[in-house]
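*Asks:* One structure coming up, written as structure tokens, with questions to follow.
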Amino acid sequence: MSSGEVPVDLGGVGSETAKHGDPYLYSSKPGGSSMYAEVERVLASRADWQATSSKSSFDLLIAERWDLPYARLGRDGFGGSCSGPPMVNHARGSKAITVKGLMVKSLRAYCEGHESANIHEFLPETFLLTPGEKLNAFERAALLASATDENKVWICKPTGGAHGEGIEICVGAVEAVKRVDAWLETTAAKKTAPPKTDDTKFERIPTRPKPPPAWLVQSYIVNPMLIDGRKFDIRAFALVTHDNRVFWYRDFIVRTCSEKFDMSALSNRTAHISNHCVQTTSDNFGAFEEGNEMFAKDLLRVLEKKGGAELFVSIETQMRKAVSRTVACAIDQMGGTTDYHAFQVLGFDFMPDEFGTVWLLEVNGSAAAAKRMTPAISRDVVELAVDRRYPPKKDGAVKNGAIESGRWTELDLDTIIA
């Protein structure tokens with residue numbers, strides 16, 4: 001190797017060299033992710049990295065997951081350099097777990113193939129329904145057949161929804177089916193509404209109608225663990241790197257509701273749906289905790305008052321196990337291909353019940369962290385994901401502060417899968 005060159009670790013896909021004096025190039029497409037905006041700021045502060053205005057020549061592309069041109073990456077000179085294939089900040093295959101309906105299907109298939117994995121340990125009873133489908137459709141029929149308890153509470157969620165939009169809580173399977181089917185009537189009304197502007201002079205090109213989205217009808221957790229009588233969920237983070245390593249972030253966000261939990265008032269969304277976008281509509285938002293947020297140390301303090309730290313350890317252990325099971329469903333699709341590499345921060349939403357059992361609600365593919373957490377997570381993501389693919393050229397070494405500090409723990413999927 002000639003002087004002025006350093007080895008580049010391509011994570012098991014070969015080894016090439018990069019000129020010591022040339023910075024790595026990153027390209028950024030505008031997006032709304034605070035997490036990756038901070039990653040970009042970290043790179044901008046590094047001497048080894050330089051922003052490029054080129055839309056085709058780059059080592060790393062930072063973009064929203066729906067804006068990434070996966071089919072073009074690494075082909076015909078689009079992305080990549082002498083350092084190897086380009087890297088992106090979202091894995092194309094992650095939709096197998098970040099789309100609610102696909103997550104359920106992936107977990108079912110995974111658990112059916114692994115005797116040691118029991119989906120009912122961490123996923124509430126769930127049925128996948130399509131609005132307007134025939135009554136004898138398999139899952140719809142199974143849901144209605146299970147309706148021995150007319151007072152059972154269900155929560156209905158559109159699989160492509162976000163920010164708490166479209167979520168319905170109802171009593172009885174029959175009512176749940178009606179709520180799902182009502183989506184068709186709402187959509188039809190929107191389509192027949194008159195246009196807001198006069199565009200009759202433009203000829204509209206007919207498009208193929210999209211099929212109705214699948215909905216999750218899920219057993220509602222009627223006995224959630226409470227903090228001062230209020231419901232909460234937990235947003236935890238995991239990082240999947242281009243070489244299929246999975247890291248768990250030791251801190252997490254406890255997102256609290258603004259009103260007391262009350263099963264007799266299911267229509268009170270700010271008492272039942274802990275999503276921040278829902279909670280900000282409450283007059284009590286921020287009245288108990290700043291931004292309705294607590295953190296791991298705060299939950300530990302609350303649980304210690306209830307009888308010890310063992311419950312906290314159990315909750316964290318269950319979350320880590322559920323993360324491992326879920327990522328295992330899609331890990332083979334998440335590192336990328338020979339044309340590009342990918343890493344991704346995933347946000348897992350959990351809810352513990354009064355007995356300490358932890359239930360997985362969903363996985364977010366472009367997760368937002370609390371404002372105070374974002375800078376530290378983003379610095380660590382650069383160290384754990386980017387630096388391992390593009391080693392710093394100044395000293396040629398990758399730091400291990402994220403691991404040695406205890407902020408991140410690597411999960412062993414081989415043990416989980418066995």
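The values are calculated or read from the model by the stated rules, or taken from the named source; none is laboratory data. Keep in mind that what you see is a predicted model, and the values were worked out from it rather than measured. As a convention, Cβ positions derive from the backbone with ideal geometry for all residues, glycine included, and neighbour counts pool all protein chains shown.
*Asks:* Mind listing whichever residues of the range 241-271 are more than 30 Å from VAL327 (Cβ to Cβ) and either among the aliphatic types (A, V, I, L, M) or part of a loop (DSSP other than H, G, I, E, B) (or both)?
*Replies:* Those that are more than 30 Å from VAL327 (Cβ to Cβ) and either among the aliphatic types (A, V, I, L, M) or part of a loop (DSSP other than H, G, I, E, B) (or both): SER258, GLU259, LYS260, PHE261, ASP262, MET263, SER264, ALA265, LEU266, SER267, ASN268, ALA271.
Results for (1) part of a strand (DSSP E or B); (2) out of contact with any helix residue (DSSP H, G or I) (no Cβ under 6 Å at 6 or more places or on another chain); (3) at pLDDT 90 or above; (4) surrounded by 20 or more Cβ atoms within 10 Å (Cβ to Cβ), shown as yes or no for each residue.
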| residue | (1), (2), (3), (4) |
| --- | --- |
| HIS90 | no, no, yes, yes |
| PRO131 | no, no, yes, yes |
| ASN136 | no, yes, no, no |
| LEU144 | no, no, yes, no |
| ASN151 | no, yes, yes, no |
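*Asks:* What's the number of the condition ARG301 fails, among (1) surrounded by fewer than 21 Cβ atoms within 10 Å (Cβ to Cβ); (2) under 30 Å from PRO69 (Cα atoms)?
*Replies:* So ARG301 meets the others, but not (2).
*Asks:* Sort out for me the strands (runs of 3 or more DSSP E) sitting completely within the range 1-75 that have 2 or more residues that are surrounded by fewer than 16 Cβ atoms within 10 Å (Cβ to Cβ), at negative phi and at pLDDT 55 or above.
*Replies:* Output list reads 49-51.
*Asks:* Considering only the range 202-237, state which residues are in a loop (DSSP other than H, G, I, E, B), farther than 18 Å from LYS157 by Cβ and at pLDDT 95 or above.
*Replies:* ASN223, MET225, ASP228, GLY229
*Asks:* Still on this structure, please answer the following. Determine which single condition CYS277 fails, assuming it passes every other condition in (1) over 24 Å from SER94 (Cβ atoms); (2) at pLDDT below 95.
*Replies:* Going through the list (1) over 24 Å from SER94 (Cβ atoms); (2) at pLDDT below 95, CYS277 breaks only (1).
*Asks:* Further question on the same structure: Pick from the range 277-293 the residues that are under 15 Å from ASP349 (Cβ atoms) and touching a strand residue (DSSP E or B) at 6+ places or on another chain (Cβ under 6 Å): which of them is surrounded by the fewest Cβ atoms within 10 Å (Cβ to Cβ)?
*Replies:* GLU293
*Asks:* Condition check: free of Cβ contacts under 8 Å to residues at least 40 places away in the same chain and either surrounded by fewer than 20 Cβ atoms within 10 Å (Cβ to Cβ) or not in a helix (DSSP H, G or I) (or both). Does SER274 satisfy that?
*Replies:* No, not satisfied.
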